[in-house]
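Worksheet: the structure to be examined is printed underneath.
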Amino acid sequence: MFAVFRINVTGLFALVAAALFLSGCQTESQTFVDDAGARESAFDWRVPASVPLPYEPDDNPMTEEKFQLGRHLFYDARLSVNGEISCSSCHEQARAFSDGVQHPLGATGEVHPRNSQSLTNAAYFNNLTWGNPALATIEQQVMLPLFGESPIEHGINESNFEQVLMSIQADETYLRLYAAAFPEQEEPLLGELAWDNSVKAIASFVRGMTSFDSAFDRGEMSESAKRGEALFNSERLECFHCHDGYNFSDATIDRGVTFLEPLFHNTGLYNIDGMGAYPDPNTGRHEVTGNPDHMGQFRTPSLRNVAVTAPYNHDGSVATLEDVIRNYAAGGRVIASGENAGDGRISPYKDGVLVSFQITDAEVSDLVAFLESLTDDAFLTDPRFSNPWRAD
Amino acid sequence: MKITMIPAKRLASAAGVSLVLALPSQVYAHYIPAEGEPTQVHGTVMTTWRSASPVDQYEFWQIPGAFMGGDAWPVSQGVSLDEVSVTAAKRLDENTFVKLGVSTHDGSDGHQSVGIEHASIGFVCCDVKGPWVVDVGRMSAAFSPELLAHRSTSKFTEPSLIADVFFGRHFHDQGIRIWLHETAGWSAGAEIWQGKAFPATDGTDGGAWDAFARYSFSVGSVEANIGAWHYRAQASSRADHRYGGGHQHTPVAAPGEQAVQFPDVRYTCDLDLTGVHAGASVGVGKSARVGIKGAWAQLNMEGILHDSGSREADVTADQYAVWVQPYLTLNKHTIALRAERFVADNTLTGAAAETLGEGAGALSEEGHTPERFTAAWLYQWRPQVQFRTEYISDQTFADGQNRYAVGVVWQGSFFNSVSSD
């Protein structure tokens, strides 16, 4: 009897052993990760390991030299028709590169219909500006304020661009910076190449404005901010649906994302004709596409440093974060009188995720405390992003 | 010398009183009610106190390197109602029988849901007991003993790593099974599944099938069994439904606590699972039995990880889990040991590999291989009531944990009705 048992049991374990052997068993757990170069860059992005790197355009890879050249150009008022404004005129570092006014003025005094956006983490947006789905790169966006005519911002055009360029070429600092930024070119500050290089350099500086060192990132939030975070992520408020991810925007793209459909939302700010219309020319995505369904749709801004970028919304028509929250709580904004009077709550184009909710004053304070915890003070004062001409 | 092939039902009863508890679930999972037999309604209640949970309240239980899901919830600290089930079986006529069964399933934050585990009709071919049987409907899988055993019928209060990691603890799906049922010690067959049970998904790009064979025999006081199975599944955008898979939001944490939103990484993949299992026991004297059981399962998976943000990464995985379980039964007492090991060999490729791998829990901990050791003492107080104590050395995470469990199991029939047929 035992002989048979021995044979059977021996056979049983032999089968198990053979199966283990045939499986080519790894004896210890391991996971091999090949990120296909997603963390490789010639540029020091200064982002934590938990945050993916942004894309770099193939025709404008990031370098420190281009970043520094772009920084000089960004703060240089000579890059305008009359030497009156620079990029920094509407994008101040202390305000997370926004400007604190409802509508900025161009070099010739023309009023811009849109509020200046913060440039915080601009590298991570899949489209630039408030409502243009066609603007997918910072290089494309930089062209608008420099050369745009509606509205006029820097005011550079065919009649004055040579004069503007000459003022740049005359500065030895620039001769050195352009040579360092574009070492493969013999004359990087000559002719059309100079403008192409200038745009690439400014874009590199803006692309390098990364900000991930807030109290939220460091886990140093106040108790009020923690309560606000819970509200932010709650089903009642639903804030996180559009302001999601590490950049608090659903328009965030990075090297790990293969494709991101441009997302725009109508938040029920206006309804001037009872049919959902927004006041011209600020009709958002509709302004570009002409599609009625795109009326009042704007890209979700990042909430990083949002506490220092008042006033809010695409036209700067909301003064405080508290007011922004109360508009969302109401499910839209009601304007009782004036040319923009209307009930945004019943706009047919309002995004479906925007439903009204009840919120107490204390909860509004907590939510604001959370939004304030997203302020990266180091970013607002970092000499790396400051005006180099002032230092010189 | 005589070798006897034994059916599972007799195998259980032959093992003595300690296996009384092991009988009913096995019976009701895949046994065929005999013609003229009264309708059986069987119930189980299992409750356990544990000294700790492997994860904190707002953490997600993702064993490093594993692709988890289904109902593989972490055990809870304190008292938990691990299992409540009611199962009925009835022979309708010479060739037809039906089974119905409901059972609780663990849920988030200690909440449980009740699900239908069995709602099937069976057809016996060629004789009143088979040998050929066709089952159609919702049922538990027959290909692996790992999946037909509830915790109440196991010697341990926690499911094996094979069950939790590879099958999400339970396997109940709609499908059809054709099998040779306990004939001369053999059971063998094939099952085709709709794909609602983890790790498959249903739909045109989902589904699963399996094939299995096992053999039981006895030689004198020695009883033994051996089996092997293969399972193949397709999954399309498979979610970890424990925490994700639907509308996502961050859990509401208690004041002072931090909770984060589940990453909800999905799998679209083809996967093959192969397993072998075996057991042998020998009676010692009139009241003792000593035995050993073991199982090994191998996963091969190829596909992509992805999320709602258009992130993708290719994934290939060769993983296996194994357990060995010696035990000794003496009168009403059973002492059992279980050693388990899970080994993952994963490769993630793509720009989002790190992010998705971390979100999915697919990254192994550097230099650590998940293991778990359990020692249990079971006392059969009454024929239908069993007390359990357990010590678990849980090394599935690098910062391991020791925990203890004390529990009680009741299993029995509510009534046996006299057949009206």
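Every number in this text was worked out from the coordinates using simple rules, so none of it is lab data. Keep in mind it's a predicted model, so treat the numbers as computed, not measured. All Cβ positions, glycine included, derive from the backbone under ideal geometry; neighbour counts span all protein chains shown.
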Within a 10 angstrom radius of the beta carbon, how do B:282, B:102 rank from fewest other beta carbons to most? B:102, B:282
With the charge dipole of the protein assembly as shown built from beta-carbon charges (+1 for Lys and Arg, -1 for Asp and Glu) about the Cα centre, the Cα from B:32, A:360, A:243 projecting farthest to the positive end belongs to B:32
Test of understanding: what is the full-extension gain from residue A:335 to residue A:180, defined as 0.36 nm times their sequence separation minus their Cα-Cα distance? 50.4 nm
The protein assembly as shown - charge dipole about Cα centre, Lys and Arg +1 at Cβ, Asp and Glu -1, debye rounded to 20: 5140
Averaged across orientations, what area in nm² does the convex hull of the alpha carbons in the protein assembly as shown project? 40.9
Treat every Asp and Glu Cβ in region B:121-177 as -1 and every Lys and Arg Cβ as +1, leave all other atoms uncharged, and give the resulting dipole magnitude about the Cα centre to the nearest 20 debye. 100
Looking only at the protein assembly as shown, where both bridge partners belong to it, what percent of the DSSP beta bridges are antiparallel (to the nearest 5)? 95
Local electrostatic count at residue A:211 - Lys and Arg +1, Asp and Glu -1, tallied over other residues with Cβ under 15 Å: -3
At 7 Å along Cα-to-Cβ for each site, give me the label-to-label distance between residue A:326 and residue A:101 in nm. 2.7
With angles folded into 0 to 90 degrees, how steeply does helix A:2-22 sit against the dominant principal axis of chain A? Use alpha carbons for both and round to 10. 20
Quick calc, residue B:302 & residue B:59: beta-carbon distance into FRET formula, R0 22 Å, rounding 0.05, result 0.15
Would you work out which of A:272, A:349, A:320 lies farthest towards the positive end of the dipole of region A:215-379, given +1 charges on the beta-carbon of Lys and Arg and -1 on that of Asp and Glu, about the Cα centre? A:349
Could you pull out the trypsin sites (Lys or Arg not before Pro) across region B:103-200 that fall in loop regions by DSSP (anything but H, G, I, E, B) with no more than 15 other Cβ atoms inside 10 Å? B:129
Pair residue B:77, residue B:333: separation of 7 Å Cα→Cβ label points (nm): 3.2
Report the label-to-label distance for residue B:121 and residue B:264 in nanometres (one decimal), using points 7 Å from each Cα along the Cα→Cβ vector. 3.9
If you count, for every residue in B:351-360, the Cβ atoms of partner chains within 10 Å of its Cβ, what is the mean? 6
Please list 3J(HN,Hα) in residue order for region B:179-196, calculated via the Karplus relation 6.51 cos²θ - 1.76 cosθ + 1.60 where θ = phi - 60°; whole Hz, with x for glycine and proline. 8, 8, 9, 6, 10, 6, x, 9, 10, 7, x, 9, 10, 10, 10, 5, x, 7
Partnerless cysteines, meaning none of the other Cys C-beta atoms lie under 4.7 Å away, in chain B: B:269
If you split all Cα-Cα distances of region A:215-379 into 10 Å bins from zero, what percentages do you get per bin, shortest first? 10, 37, 35, 15, 2
Taking a ≥ b ≥ c as the square roots of the eigenvalues of the Cα gyration tensor, with a/c under 1.5 meaning rounded and otherwise prolate when a/b exceeds b/c and oblate if not, chain A is oblate
Using only Cα atoms, tell me the angle between helix A:223-232 and the longest principal axis of chain A; keep it within 0 to 90° and round to the nearest 10. 90
How much net charge surrounds residue B:291 when only other residues with a Cβ under 15 Å from its Cβ are counted (Lys, Arg +1; Asp, Glu -1)? +3
Relative contact order in percent for chain B (Cα pairs under 8 Å, 6+ apart) equals 17
Rounded to the nearest Å, what's the spacing between the alpha carbon centres of region A:38-52 and region B:269-290? Just the number, please. 51
Are there any GluC sites (Glu not before Pro) in region B:317-410 that are in a DSSP loop and have at most 13 other Cβ atoms within 10 Å? List them by number. B:366
What whole-number distance in Å separates the alpha-carbon centres of region B:119-164 and region B:167-182? 6
Which one, B:156, B:402, B:124, is farthest towards the positive end of the dipole of the protein assembly as shown when Lys and Arg carry +1 and Asp and Glu -1 on their Cβ? B:124
Which ³J(HN,Hα) values, rounded to whole Hz and listed in residue order, are derived for region A:205-216 from phi using the Karplus coefficients 6.51, -1.76 and 1.60 in 6.51 cos²θ - 1.76 cosθ + 1.60 with θ = phi - 60°, glycine and proline given as x? 5, 5, 5, x, 7, 9, 9, 9, 10, 8, 4, 4
Given a cut-off of under 8 Å on Cα pairs at least six residues apart, what relative contact order in percent is computed for region B:263-421? 16
Lys, Arg +1 and Asp, Glu -1 on Cβ, resulting dipole of region A:64-210 about Cα centre, debye, nearest 20: 600
Neighbourhood net charge (12 Å Cβ-Cβ; Lys/Arg +1, Asp/Glu -1) for residue A:334: +2
